[in-house]
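Working notes for the structure below.
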Amino acid sequence: MKSPITFQVAKNGIVLSLDADAKFNNIKEALKDHVDTATNFYAGSDLYINIANSSFKIDQLNEIVNIARGYKDVNNIIFTSDVVEENIIEVIDEGENNLIKRTLRSGQKIKKSGNVIIIGDINPGAEVVAGGDIIVFGKIRGVVHAGAGGSSEASVIALKLEPTQLRISKKIARPPEEDSNIKRLNPERAFIQDGKIVVEDFEI
Amino acid sequence: MAGKSLVITSGKGGVGKTTTVANIGTALAMMQHKVCLIDADIGLRNLDVIMGLENRIVYDIVDVVEENCRLEQALIRDKRHKNLFLLPAAQTRDKTAVQPKQMENLVKDLKKEVDYIIIDSPAGIEQGFKNAIAGADFALIVTTPEVSAVRDADRIIGLLEAEGIKDPEVIINRINPDMVKRGDMMTIEDIIEILAVKLKGIVPEDDIIIVSSNRGEPVVLKDNPKAGRAFKNIARRITGEEVNFISLEDSSFFSKIKKIFNFS
């Protein structure tokens, strides 16, 4: 079933679009679920609620805003009826590859609309958001988000995949709680299969 | 010859920055270098207490930058070493009382007078930190074998690099060899692997530090075999000497460190 809510990356934030044809209860449930599972989704950015082509009662809008307040550290909640295209970063641009030749340390963040290739590590506390793929010739220990514009074809590849959190498109995965004791490098690839993030050994 | 300036910083509080400054400074003075310690933790000054010089403060760093006194008037001579000085922080003001540019000029002036200037940075990454690093040529980062401290150290290294202070080095404080041996504590190897910077020293956990801090007598003054010796070694390394890392009782642990860092 198609989700009654969708997300798109815009220049100043993320646009939440509500499906005009869906039942209001379904929209509410889907949004509640998302708030619960992805509390930090909007941390540090603006949340645009796209109400174009739909008609909601003022009470319903209130309810939606109240649910959306559950996201942590949102800058602003803004209603928009703009057709989103204008705001959206071209999310997959095959030609755009961003090469970064250094280790990203805690507190450093890279946000690119294309693919991101890093020669170095992503340390805990660092964050990489890419519209396309993320490829790391090093260890991933921070937060990575590939296919941030909604592309579920995107993948994450690293010589060692130990992220704090891994997101592809709208899916979020956490690594298992127990410590991995494997010290050696072990190239892995994460991608979406049957609606779930899966990780498998990356064979060249 | 112009002196060298060195900032001791950490991001996280309570990892032992001030203790490190007091001990390294005292150790350098014991090696006959002329040293000045600057307490950049305005509003929460501690270095004077740990040095046992609290009751000698008349002027402080804010008086100097506001030109209420001359620099020489604010410098407090250590009671044990005549070649060791302290420029205390103000206790009744806050971090905004000094600007990075003023700090830079202050350190520049001091460099003409002393061999080493050691700046004690406050915790955090805000203005106090920016002031503390403004005049520094080099940085030493103090961390403890805890995930949170290492995380903050990593953040600080990134910020230092952005400010143009290249190749900071790390001091791992309060390591407990027994806990490392049992696998209950982050190892030096784990920490260096994440931070990817050069190791400047390892200081074992030592109860004597608390006693010496309370008495205002840096531990290097006594012939202390654990923390005291570790701080003396760090001071020797700062002067360019090659000093092996001390054994933390367990010989296999020591050989492991030697293996990682290729010390013979």
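Quick check, is A:L185 over 18 Å from A:T37 (Cα atoms), within 14 Å of chain B (Cβ to nearest Cβ) and either open to solvent by less than 20 Å² (accessible area, probe 1.4 Å) or at pLDDT 95 or above (or both)?
no
Find the residue count for region A:96-138, including only residues that are within 13 Å of chain B (Cβ to nearest Cβ) and within 14 Å of the chain's Cα centre (by Cα).
Of the residues in that region, 3 qualify.
Out of region B:115-160, which residues are within 14 Å of chain A (Cβ to nearest Cβ), surrounded by fewer than 24 Cβ atoms within 10 Å (Cβ to Cβ) and outside any helix (DSSP H, G or I)?
Result: B:G124, B:I125, B:E126, B:E146.
For region A:119-132, enumerate the residues that are of a type in the set (D, E) and modelled with pLDDT of 95 or more.
A:D121
What single numbered condition from (1) within 19 Å of the chain's Cα centre (by Cα); (2) surrounded by fewer than 19 Cβ atoms within 10 Å (Cβ to Cβ); (3) away from chain A (no Cβ under 14 Å); (4) closer than 23 Å to A:T103 by Cα fails to hold for B:D167?
Of everything listed in (1) within 19 Å of the chain's Cα centre (by Cα); (2) surrounded by fewer than 19 Cβ atoms within 10 Å (Cβ to Cβ); (3) away from chain A (no Cβ under 14 Å); (4) closer than 23 Å to A:T103 by Cα, B:D167 misses just condition (3).
Applying the selection to region A:15-27, what residues are at pLDDT 80 or above and either assigned to a strand (DSSP E or B) or among the charged types (D, E, K, R) (or both)?
Answer for region A:15-27, where residues must be at pLDDT 80 or above and either assigned to a strand (DSSP E or B) or among the charged types (D, E, K, R) (or both): A:V15, A:L16, A:S17, A:L18, A:K23.
Would you be able to tell me the number of residues in region B:190-211 that are in contact (Cβ under 8 Å) with a residue 40 or more places away in the chain and more than 14 Å from chain A (Cβ to nearest Cβ)?
Residues in region B:190-211 being in contact (Cβ under 8 Å) with a residue 40 or more places away in the chain and more than 14 Å from chain A (Cβ to nearest Cβ): 7 in total.
The values are calculated or read from the model by the stated rules, or taken from the named source; none is laboratory data. A quick note: this is a predicted structure, and the numbers were derived from the prediction, not measured. As a convention, Cβ positions derive from the backbone with ideal geometry for all residues, glycine included, and neighbour counts pool all protein chains shown. Just so you know, the surface numbers come from the protein's heavy atoms only, side chains and all, with ligands and any DNA or RNA stripped out. Shrake-Rupley method; radii C 1.70, N 1.55, O 1.52, S 1.80 Å.
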